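Each remark here refers to the structure printed beneath this line.
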Amino acid sequence: MSLFTPKDDSLGNATFENYIGLDGFSEMGYQLSAHVLTLGYAVMLAGLFYFILTIKSVAPKYRMSSVLSVVVMVSAFLLLFVQRENWVQAFTYNPEVQAYTLATGQTADLFNNGYRYLNWLIDVPMLLFQILFVVSLTKSDFASVRNQFWFSGTGMILTGYVGQYYEVTNPAAFFAWGTISTLFFVHILFVMKRVIDEGKVGIPEEGQKILGTIWILFLVSWMLYPGAYLMPYLLFNEAGVVGRHLTYTVADVASKVIYGVYLTMLAQVLSKRDGFDPDKPQAA
């Protein structure tokens, strides 16, 4: 059961950031959240340059993975930038209580984590597809795995998106939708493990180690998202807000940027195995 009981339900199904904003955020809490959100989209911009600059360091057959990383970085940068702007516009400093409270006026808007879900709706299928353009499946069918990734990835995000609207007003609905989202998540983990295990077959030992690291990174970074989703029931106060933003940001950086970097490293190892030399002119 939530540790927080709203004074009124005037905000309806708004996220718990807004309910806490009725009383206000301290200077530290508000600024920490703003800085963490800023860091999130700044890292995506840095990642964008990395993937553009390294795309020719791998053989053409593996470059679609880098292309997808570029698309993910653009999507994440734009929507996380909007998320940060949403934060700074939703709250304003109130000298009477010496805290940042919900902004008022015609241009005021509530804070909404939905922007993250829009970003994930674009990025999650692409992140899952990426690895399929680097590894070789020895048993599974490419189209079947791709479709499973798309179905469960999309289902996980859409059900999580619906559930987060009930985190304050309807815990039963919140946990019901969260449970459905988790079932999709478990299926993704199962399919990804199978892809990585098949991808290790017949490749250099260095590539096998990279795939092992990718699995650990994938497992740990994606497990952070359910923790952030449950934050209202772990710590429903200002620290919960900062914690949620920090957790989502760490998860996004790890699951998108660092994951993409490791896939590039794997593609470089496989390109070298295939005899590709990025320093030599390639035939048109």
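The values are calculated or read from the model by the stated rules, or taken from the named source; none is laboratory data. As the structure is a computational prediction, the values presented were derived from the model and not from experiment. We place every Cβ from the backbone using ideal geometry, glycine too, and count neighbours over all the protein chains shown. Please note that ligands, DNA and RNA were not included when accessible areas were found on the heavy atoms of the full protein model with its side chains. Shrake-Rupley method; radii C 1.70, N 1.55, O 1.52, S 1.80 Å.
Data table
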read-out: Pairs with Cβ under 9 Å, 6+ apart, first in region 238-258 and without any contact (Cβ under 8 Å) to a residue 24 or more places away in the chain and farther than 15 Å from N112 by Cα, second open to solvent by less than 20 Å² (accessible area, probe 1.4 Å) and in a helix (DSSP H, G or I); value: G243/A228; T247/A228
read-out: Of the criteria (1) over 30 Å from F25 (Cα atoms); (2) among the hydroxyl-bearing types (S, T, Y); (3) part of a helix (DSSP H, G or I), which one Y165 fails; value: (1)
read-out: Residue match in region 179-200 (condition: hydrophobic (A, V, I, L, M, F, W, C), more than 28 Å from E167 (Cβ to Cβ), open to solvent by 60 Å² or more (accessible area, probe 1.4 Å) and touching a Ser or Thr at 6+ places or on another chain (Cβ under 7 Å)); value: no
read-out: In region 16-45, the residues that are within 22 Å of the chain's Cα centre (by Cα) and free of Cβ contacts under 8 Å to residues at least 60 places away in the same chain; value: Q31, A34, H35, T38, Y41, A42, L45
read-out: Residue, least open to solvent (accessible area, probe 1.4 Å), within region 214-224, restricted to residues that are among the β-branched types (V, I, T) and in contact (Cβ under 8 Å) with a residue 12 or more places away in the chain; value: I214
read-out: Residue in region 149-158 that is within 21 Å of A267 (Cα to Cα), aliphatic (A, V, I, L, M) and assigned to a helix (DSSP H, G or I) present; value: no
read-out: Selection from region 225-272 of residues that are open to solvent by 50 Å² or more (accessible area, probe 1.4 Å) and either modelled with pLDDT of 95 or more or closer than 27 Å to Y50 by Cβ (or both); value: L246, V250, I258, Y262, M265, Q268, K272
read-out: Scan of region 116-138 for residues that are open to solvent by 70 Å² or more (accessible area, probe 1.4 Å) and either in contact with a helix residue (DSSP H, G or I) (Cβ under 6 Å, 6 or more places away or on another chain) or outside any loop (DSSP other than H, G, I, E, B) (or both), ordered by number; value: L118, I122, F133, T138
read-out: Qualifying residue in region 3-13 (condition: modelled with pLDDT under 95, over 30 Å from A267 (Cα atoms), buried (at least 22 other Cβ atoms within 10 Å of the Cβ) and among the polar types (S, T, N, Q)); value: no
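Residue-wise test of (1) in a helix (DSSP H, G or I); (2) hydrophobic (A, V, I, L, M, F, W, C); (3) open to solvent by 30 Å² or more (accessible area, probe 1.4 Å); (4) out of contact with any helix residue (DSSP H, G or I) (no Cβ under 7 Å at 6 or more places or on another chain).
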| site | (1), (2), (3), (4) |
| --- | --- |
| Q31 | yes, no, yes, yes |
| S65 | yes, no, no, no |
| V74 | yes, yes, yes, no |
| E85 | yes, no, yes, yes |
